[in-house]
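Below: the structure, in C-alpha coordinates.
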Amino acid sequence: MALDEVLITRAIIERYTEKLLANLDLDVAVVGGGVSGMTAAWRLAQQGHHVAIFERKLSVGGGMWGGGMMFNEIVIQEAAKPVLDELGIRLKPIYDQYYTADAVEAVTTLGSRTVKAGATVFNCVSVEDVMVREDRVTGLVIEWTAVEMARLHVDPLVIRAKCTIDATGHDLEVVHVLLRKNQPITLATPSGGIGGERSMWSEVGEKGTIEHTKEIYPGFFVAGMAATATAGVNRMGAIFGGMILSGVKVADLIHRRLSSKG
Ligand code: 48F
(Lines give C-alpha, C1' and ligand atoms only; values in the text may rest on other atoms or scores of the structure.)
Protein backbone atom coordinates (compact mmCIF):
# COMPACT_ATOMS: atom_id res chain seq x y z
CA MET A 1 0.00 0.00 0.00
CA ALA A 2 1.34 3.43 -0.93
CA LEU A 3 0.89 6.05 1.75
CA ASP A 4 -1.42 8.86 0.68
CA GLU A 5 -0.89 12.26 2.30
CA VAL A 6 -4.45 13.34 1.58
CA LEU A 7 -5.81 10.27 3.37
CA ILE A 8 -3.56 11.05 6.33
CA THR A 9 -4.90 14.59 6.34
CA ARG A 10 -8.49 13.37 6.01
CA ALA A 11 -8.03 10.94 8.93
CA ILE A 12 -6.83 13.71 11.21
CA ILE A 13 -9.61 16.10 10.24
CA GLU A 14 -12.34 13.45 10.51
CA ARG A 15 -11.21 12.15 13.87
CA TYR A 16 -10.65 15.58 15.40
CA THR A 17 -14.03 16.79 14.16
CA GLU A 18 -15.71 13.70 15.65
CA LYS A 19 -13.95 14.38 18.95
CA LEU A 20 -14.92 18.04 19.02
CA LEU A 21 -18.55 17.35 18.12
CA ALA A 22 -18.75 14.69 20.82
CA ASN A 23 -17.66 17.22 23.44
CA LEU A 24 -19.85 20.24 22.69
CA ASP A 25 -22.25 19.36 25.49
CA LEU A 26 -20.48 18.19 28.63
CA ASP A 27 -21.18 17.17 32.18
CA VAL A 28 -17.96 18.87 33.25
CA ALA A 29 -15.66 21.30 31.45
CA VAL A 30 -12.22 21.67 33.03
CA VAL A 31 -10.17 24.74 32.20
CA GLY A 32 -6.47 23.98 32.50
CA GLY A 33 -4.76 20.63 32.09
CA GLY A 34 -2.38 21.15 34.99
CA VAL A 35 -2.13 19.07 38.13
CA SER A 36 -5.48 19.76 39.77
CA GLY A 37 -7.40 19.91 36.47
CA MET A 38 -6.12 16.56 35.27
CA THR A 39 -6.69 14.92 38.63
CA ALA A 40 -10.27 16.19 38.65
CA ALA A 41 -10.90 15.05 35.08
CA TRP A 42 -9.41 11.61 35.79
CA ARG A 43 -11.61 11.11 38.80
CA LEU A 44 -14.78 12.40 37.11
CA ALA A 45 -14.21 10.26 34.03
CA GLN A 46 -13.67 7.23 36.28
CA GLN A 47 -17.04 8.01 37.88
CA GLY A 48 -18.65 7.89 34.44
CA HIS A 49 -19.06 11.60 33.74
CA HIS A 50 -18.60 13.20 30.34
CA VAL A 51 -15.61 15.46 30.88
CA ALA A 52 -13.16 17.39 28.76
CA ILE A 53 -10.12 19.52 29.53
CA PHE A 54 -9.29 22.70 27.60
CA GLU A 55 -5.59 23.48 27.84
CA ARG A 56 -3.94 26.55 26.39
CA LYS A 57 -0.52 25.01 25.89
CA LEU A 58 0.71 22.22 23.65
CA SER A 59 1.39 20.04 26.68
CA VAL A 60 -0.63 19.14 29.73
CA GLY A 61 1.02 19.02 33.15
CA GLY A 62 1.08 22.71 34.06
CA GLY A 63 3.62 23.45 36.75
CA MET A 64 4.58 19.86 37.51
CA TRP A 65 7.17 19.19 34.78
CA GLY A 66 9.79 21.38 36.38
CA GLY A 67 9.46 20.23 40.03
CA GLY A 68 10.99 23.11 42.01
CA MET A 69 13.14 25.59 40.08
CA MET A 70 13.54 23.01 37.28
CA PHE A 71 14.90 20.32 39.61
CA ASN A 72 12.41 17.86 38.13
CA GLU A 73 11.44 16.01 41.29
CA ILE A 74 8.18 16.70 43.10
CA VAL A 75 7.45 16.40 46.81
CA ILE A 76 4.30 14.73 48.11
CA GLN A 77 3.14 14.51 51.71
CA GLU A 78 1.60 11.45 53.37
CA ALA A 79 -2.03 12.61 52.93
CA ALA A 80 -1.82 12.45 49.14
CA LYS A 81 0.06 9.13 48.93
CA PRO A 82 -3.06 6.94 48.45
CA VAL A 83 -4.08 8.92 45.35
CA LEU A 84 -0.63 8.69 43.78
CA ASP A 85 -0.57 4.98 44.59
CA GLU A 86 -3.93 4.57 42.86
CA LEU A 87 -2.67 6.48 39.84
CA GLY A 88 0.42 4.27 39.69
CA ILE A 89 2.95 7.10 40.22
CA ARG A 90 5.93 5.64 42.06
CA LEU A 91 6.87 7.44 45.28
CA LYS A 92 10.19 7.23 47.13
CA PRO A 93 10.11 7.89 50.88
CA ILE A 94 12.64 10.52 51.96
CA TYR A 95 11.90 12.03 55.40
CA ASP A 96 9.13 11.14 57.86
CA GLN A 97 5.85 11.39 55.83
CA TYR A 98 7.56 13.07 52.85
CA TYR A 99 7.92 11.36 49.48
CA THR A 100 9.37 12.32 46.14
CA ALA A 101 8.36 11.34 42.62
CA ASP A 102 9.98 11.90 39.27
CA ALA A 103 8.14 14.92 37.82
CA VAL A 104 8.08 13.52 34.29
CA GLU A 105 6.69 10.18 35.48
CA ALA A 106 4.07 12.05 37.51
CA VAL A 107 2.86 14.18 34.59
CA THR A 108 2.90 11.43 31.97
CA THR A 109 1.19 8.90 34.23
CA LEU A 110 -1.49 11.36 35.31
CA GLY A 111 -2.04 12.36 31.67
CA SER A 112 -2.29 8.79 30.50
CA ARG A 113 -4.67 7.74 33.29
CA THR A 114 -6.85 10.79 32.62
CA VAL A 115 -7.26 10.09 28.93
CA LYS A 116 -7.64 6.35 29.36
CA ALA A 117 -10.34 6.91 32.00
CA GLY A 118 -12.36 8.62 29.26
CA ALA A 119 -11.63 12.34 29.59
CA THR A 120 -10.79 14.21 26.38
CA VAL A 121 -8.01 16.77 26.28
CA PHE A 122 -8.18 19.66 23.84
CA ASN A 123 -4.72 21.15 23.91
CA CYS A 124 -3.83 24.42 22.16
CA VAL A 125 -7.29 25.73 23.12
CA SER A 126 -7.72 28.74 25.41
CA VAL A 127 -10.80 29.64 27.39
CA GLU A 128 -11.49 33.34 27.03
CA ASP A 129 -14.96 33.72 28.52
CA VAL A 130 -17.88 31.90 30.14
CA MET A 131 -21.57 31.67 29.33
CA VAL A 132 -23.86 32.77 32.15
CA ARG A 133 -27.61 32.14 32.12
CA GLU A 134 -29.93 33.03 35.00
CA ASP A 135 -27.04 33.51 37.45
CA ARG A 136 -25.39 30.23 36.58
CA VAL A 137 -22.28 29.37 34.57
CA THR A 138 -23.48 27.18 31.74
CA GLY A 139 -20.45 26.86 29.52
CA LEU A 140 -17.19 28.12 28.09
CA VAL A 141 -16.13 30.34 25.24
CA ILE A 142 -13.08 28.84 23.54
CA GLU A 143 -10.54 29.96 20.99
CA TRP A 144 -7.40 28.49 19.42
CA THR A 145 -4.35 29.54 21.40
CA ALA A 146 -2.69 30.41 18.10
CA VAL A 147 -5.43 32.96 17.41
CA GLU A 148 -4.97 34.39 20.89
CA MET A 149 -1.18 34.59 20.46
CA ALA A 150 -1.39 36.19 17.03
CA ARG A 151 -4.06 38.57 18.34
CA LEU A 152 -6.21 37.82 15.31
CA HIS A 153 -9.70 39.21 15.17
CA VAL A 154 -11.55 35.87 15.03
CA ASP A 155 -14.74 35.00 16.90
CA PRO A 156 -14.63 32.10 19.36
CA LEU A 157 -16.83 28.99 19.68
CA VAL A 158 -18.75 27.63 22.64
CA ILE A 159 -18.97 24.51 24.83
CA ARG A 160 -21.96 23.86 27.10
CA ALA A 161 -21.36 22.21 30.50
CA LYS A 162 -23.43 21.37 33.57
CA CYS A 163 -20.40 22.19 35.74
CA THR A 164 -17.21 24.12 35.02
CA ILE A 165 -13.90 23.99 36.91
CA ASP A 166 -11.38 26.80 36.87
CA ALA A 167 -8.07 24.94 37.26
CA THR A 168 -5.97 27.60 35.52
CA GLY A 169 -3.40 27.88 38.31
CA HIS A 170 -1.94 31.13 39.60
CA ASP A 171 -3.80 33.28 37.06
CA LEU A 172 -7.36 32.08 37.85
CA GLU A 173 -8.32 33.34 34.44
CA VAL A 174 -11.89 32.13 34.38
CA VAL A 175 -12.71 33.58 37.79
CA HIS A 176 -11.39 36.94 36.56
CA VAL A 177 -13.48 36.95 33.42
CA LEU A 178 -16.60 35.78 35.27
CA LEU A 179 -16.26 38.72 37.66
CA ARG A 180 -15.26 41.28 35.07
CA LYS A 181 -18.09 40.61 32.65
CA ASN A 182 -20.99 39.83 34.95
CA GLN A 183 -21.19 42.61 37.52
CA PRO A 184 -22.76 42.80 40.01
CA ILE A 185 -21.68 39.38 41.17
CA THR A 186 -20.78 37.89 44.53
CA LEU A 187 -18.67 34.77 44.84
CA ALA A 188 -18.88 32.24 47.68
CA THR A 189 -15.40 33.26 48.87
CA PRO A 190 -14.28 34.91 52.13
CA SER A 191 -14.23 38.36 50.45
CA GLY A 192 -17.11 37.79 48.04
CA GLY A 193 -14.58 38.39 45.26
CA ILE A 194 -10.94 37.53 44.63
CA GLY A 195 -8.77 37.48 47.76
CA GLY A 196 -5.46 37.26 45.87
CA GLU A 197 -2.57 34.87 46.34
CA ARG A 198 -0.46 35.43 49.45
CA SER A 199 3.25 34.78 49.95
CA MET A 200 4.65 31.31 50.44
CA TRP A 201 3.64 29.25 53.47
CA SER A 202 3.37 25.57 52.57
CA GLU A 203 1.49 24.34 55.64
CA VAL A 204 -1.25 27.00 55.40
CA GLY A 205 -1.31 26.94 51.59
CA GLU A 206 -1.85 23.21 51.27
CA LYS A 207 -4.65 23.10 53.86
CA GLY A 208 -6.27 26.31 52.59
CA THR A 209 -6.27 25.13 49.00
CA ILE A 210 -8.22 22.01 49.86
CA GLU A 211 -10.57 23.90 52.16
CA HIS A 212 -11.38 26.49 49.49
CA THR A 213 -11.79 24.03 46.64
CA LYS A 214 -15.51 24.43 46.05
CA GLU A 215 -18.38 25.84 44.06
CA ILE A 216 -17.97 29.62 44.22
CA TYR A 217 -20.82 30.49 41.87
CA PRO A 218 -23.66 28.27 40.67
CA GLY A 219 -22.21 25.68 38.29
CA PHE A 220 -18.69 27.07 38.72
CA PHE A 221 -15.94 25.48 40.84
CA VAL A 222 -12.33 26.36 41.61
CA ALA A 223 -9.48 23.90 42.17
CA GLY A 224 -5.72 24.00 42.69
CA MET A 225 -3.93 27.35 42.76
CA ALA A 226 -7.05 28.97 41.33
CA ALA A 227 -8.80 28.03 44.60
CA THR A 228 -5.81 29.26 46.65
CA ALA A 229 -5.65 32.63 44.94
CA THR A 230 -9.40 33.16 44.73
CA ALA A 231 -9.76 32.63 48.47
CA GLY A 232 -6.72 34.71 49.44
CA VAL A 233 -4.56 31.88 50.79
CA ASN A 234 -0.76 31.56 50.87
CA ARG A 235 0.98 29.79 48.01
CA MET A 236 2.57 26.49 48.95
CA GLY A 237 5.52 26.21 46.58
CA ALA A 238 6.93 23.00 45.16
CA ILE A 239 4.80 20.49 47.05
CA PHE A 240 2.03 18.89 45.03
CA GLY A 241 -0.13 16.87 47.42
CA GLY A 242 -2.57 19.74 47.89
CA MET A 243 -3.07 20.13 44.13
CA ILE A 244 -3.83 16.43 43.75
CA LEU A 245 -6.18 16.39 46.75
CA SER A 246 -7.90 19.53 45.49
CA GLY A 247 -8.56 17.78 42.16
CA VAL A 248 -10.02 14.80 43.99
CA LYS A 249 -12.17 17.03 46.19
CA VAL A 250 -13.66 19.05 43.33
CA ALA A 251 -14.40 15.84 41.42
CA ASP A 252 -16.17 14.35 44.42
CA LEU A 253 -18.22 17.54 44.98
CA ILE A 254 -19.31 17.56 41.34
CA HIS A 255 -19.98 13.83 41.33
CA ARG A 256 -22.34 14.26 44.26
CA ARG A 257 -24.01 17.22 42.59
CA LEU A 258 -24.55 15.48 39.26
CA SER A 259 -25.65 12.24 40.91
CA SER A 260 -28.18 13.98 43.16
CA LYS A 261 -29.82 15.54 40.10
CA GLY A 262 -30.03 12.15 38.44
O1 48F B 1 -0.31 25.69 36.91
P2 48F B 1 -1.08 24.42 36.91
O3 48F B 1 -0.37 23.14 37.12
O4 48F B 1 -2.28 24.62 37.94
P5 48F B 1 -2.64 23.88 39.32
O6 48F B 1 -3.37 22.62 39.05
O7 48F B 1 -1.24 23.49 39.94
C8 48F B 1 -0.34 24.46 40.40
C9 48F B 1 1.03 23.83 40.48
O10 48F B 1 1.44 23.41 39.19
C11 48F B 1 2.11 24.73 41.06
C12 48F B 1 1.94 25.09 42.49
C13 48F B 1 1.60 24.08 43.51
O14 48F B 1 2.56 23.17 43.74
O15 48F B 1 2.07 26.21 42.85
O16 48F B 1 2.18 25.95 40.32
O17 48F B 1 -3.29 24.91 40.14
O18 48F B 1 -1.89 24.30 35.54
C19 48F B 1 -2.72 25.32 35.06
C20 48F B 1 -2.94 25.06 33.58
O21 48F B 1 -3.97 25.90 33.11
C22 48F B 1 -3.63 26.34 31.81
C23 48F B 1 -2.12 26.53 31.87
O24 48F B 1 -1.54 26.51 30.58
C25 48F B 1 -1.70 25.35 32.73
O26 48F B 1 -1.37 24.21 31.98
N27 48F B 1 -4.40 27.56 31.53
C28 48F B 1 -4.28 28.76 32.17
N29 48F B 1 -5.19 29.62 31.69
C30 48F B 1 -5.90 28.97 30.72
C31 48F B 1 -5.39 27.65 30.62
C32 48F B 1 -6.97 29.33 29.85
N33 48F B 1 -7.53 30.55 29.88
N34 48F B 1 -7.44 28.40 28.98
C35 48F B 1 -6.90 27.16 28.92
N36 48F B 1 -5.88 26.76 29.74
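The values are calculated or read from the model by the stated rules, or taken from the named source; none is laboratory data. Please read all numbers here as calculations on a predicted model, not as lab measurements. Note that we place each Cβ from the backbone using ideal geometry, even for glycine, and neighbour counts take in every protein chain shown.
Some points to look at:
- Scanning the range 15-37 for residues that are in a helix (DSSP H, G or I) and either surrounded by 24 or more Cβ atoms within 10 Å (Cβ to Cβ) or within 11 Å of the ligand (Cβ to nearest atom) (or both) turns up Val35, Ser36, Gly37.
- Any hit, the range 236-251, residues being under 22 Å from Arg136 (Cα atoms) and in contact with a His (Cβ under 8 Å, 6 or more places away or on another chain): no
- Qualifying residue in the range 97-106 (condition: assigned to a loop (DSSP other than H, G, I, E, B) and either within 20 Å of Gly33 (Cβ to Cβ) or touching a residue at least 12 places away in the same chain (Cβ under 8 Å) (or both)): yes
- Residue within the range 124-136 that is away from the ligand (no atom under 14 Å from the Cβ) and under 22 Å from Val60 (Cβ atoms) present: no
- Residues satisfying the stated conditions in the range 117-163, i.e. part of a helix (DSSP H, G or I) and surrounded by fewer than 14 Cβ atoms within 10 Å (Cβ to Cβ): Ala146, Met149, Ala150
- Options Ile244, Ile210: the member that is more than 10 Å from the ligand (Cβ to nearest atom), more than 25 Å from Asp135 (Cα to Cα), part of a helix (DSSP H, G or I) and among the β-branched types (Val, Ile, Thr): Ile210
- For the range 76-94, the criterion of a residue being part of a helix (DSSP H, G or I), modelled with pLDDT of 95 or more and near the ligand (Cβ under 9 Å from one of its atoms) is satisfied by no position.
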